[in-house]
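Comments concern the structure below.
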Amino acid sequence: MTTPRITLIGKPGCHLCDDAREVIRRVADDTGAGWQERNILDEPDLMARYAEQIPVTLVDGKQHDYWRVDEARLRQALR
């Protein structure tokens with residue numbers, strides 16, 4: 001199994017996370033990039049690092065965006 005290129009860090013009940021998920025899903029489907037979602041409520045280290053920024057998007061393990069996902073920027077980062 002290959003490592004997903006996109007990671008969404010969020011939590012349940014977060015409307016910005018729902019919006020980010022839809023953008024990520026669309027871009028991943030179009031580009032073939034794998035993605036995963038991680039819940040800050042399950043991972044104390046993520047909570048400590050990103051609690052005020054969720055949703056956070058990582059590309060190849062590096063922080064790419066927070067609060068909102070810019071679809072064009074995400075597509076560019078995956079090229």
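Quick notes on this structure:
- Tensor-based shape of region 1-59 (alpha-carbon gyration tensor, a/c under 1.5 rounded, otherwise prolate or oblate): oblate
- Heavy atoms of E43: accessible area, 1.4 Å probe, square angstrom to 10: 50 Å²
- Sulfur and carbon atoms: percent of accessible area, the chain [1.4 Å]: 47 percent
- The chain - accessible surface per residue (Å², probe 1.4 Å): 63 Å²
- Added length on full extension, which subtracts the Cα-Cα distance from 0.36 nm per residue, Q53 to T31: 5.3 nm
- Summarising the amide proton neighbourhood of H64: residues at separation of 5 or more, or on other chains, whose placed amide H is nearer than 5 Å comprise T57, L58, V59.
- With the whole protein complex present, I24 retains an accessible surface near 0 Å², based on a 1.4 Å probe.
The values are calculated or read from the model by the stated rules, or taken from the named source; none is laboratory data. It should be emphasised that the depicted structure is a prediction, and the values quoted were computed from it without experimental measurement. Ligands, DNA and RNA are excluded from the accessible area calculation, which covers all protein heavy atoms including side chains. Shrake-Rupley method; radii C 1.70, N 1.55, O 1.52, S 1.80 Å.
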